[in-house]
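Chemist: Please find one structure pasted underneath; my questions will follow.
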Amino acid sequence: MPSRSVQTALHHTQYLAKATEMLLVGLAMAHEQPYTTWSDYGGSADSMQYSALRQINRENVNRLEPARFYSVPGPSGRFGFNP
């Protein structure tokens with residue numbers, strides 16, 4: 001069994017490695033173009049409901065088709081609340 005000082009050094013090394021990993025992930029996320037992921041409810045932390053992605057544009061929007069449809073009960077098939 002390793003001595004207590006070796007165990008402590010190992011623990012500190014693991015902690016430093018995890019902290020470095022978290023820092024690098026945070027830096028990578030900070031360099032992402034804003035509004036290119038739907039990471040939070042409403043699209044982003046500020047709930048802008050906006051996307052900077054360009055796959056759908058004015059030239060191809062008319063070719064979109066529904067991927068799913070679920071009929072809901074209620075007046076006129078509408079939700080009585082905001083889902």
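Chemist: Restricting attention to region 56-70, does a residue exist that is among the aliphatic types (A, V, I, L, M), surrounded by 10 or more Cβ atoms within 10 Å (Cβ to Cβ) and modelled with pLDDT of 80 or more?
Modeler: yes
Chemist: Considering only region 71-83, state which residues are modelled with pLDDT under 65 and not small (Gly, Ala, Ser).
Modeler: If the condition is that a residue be modelled with pLDDT under 65 and not small (Gly, Ala, Ser), then ARG78, PHE79, PHE81, ASN82, PRO83 are the ones that fit.
Chemist: Go through region 44-73 and count every residue that is among the aliphatic types (A, V, I, L, M) and closer than 12 Å to PRO34 by Cα.
Modeler: We begin by selecting, within region 44-73, every residue among the aliphatic types (A, V, I, L, M); these are 45, 48, 52-53, 56, 61, 64, 67, 72.
Keeping just the survivors that are closer than 12 Å to PRO34 by Cα gives 45, 48, 52-53.
Number satisfying all stated conditions: 4.
The values are calculated or read from the model by the stated rules, or taken from the named source; none is laboratory data. Treat the numbers as computed from the prediction; the structure is a model and nothing was measured. Positions of Cβ are backbone-derived with ideal geometry, glycine not excepted, and every protein chain shown enters the neighbour counts.
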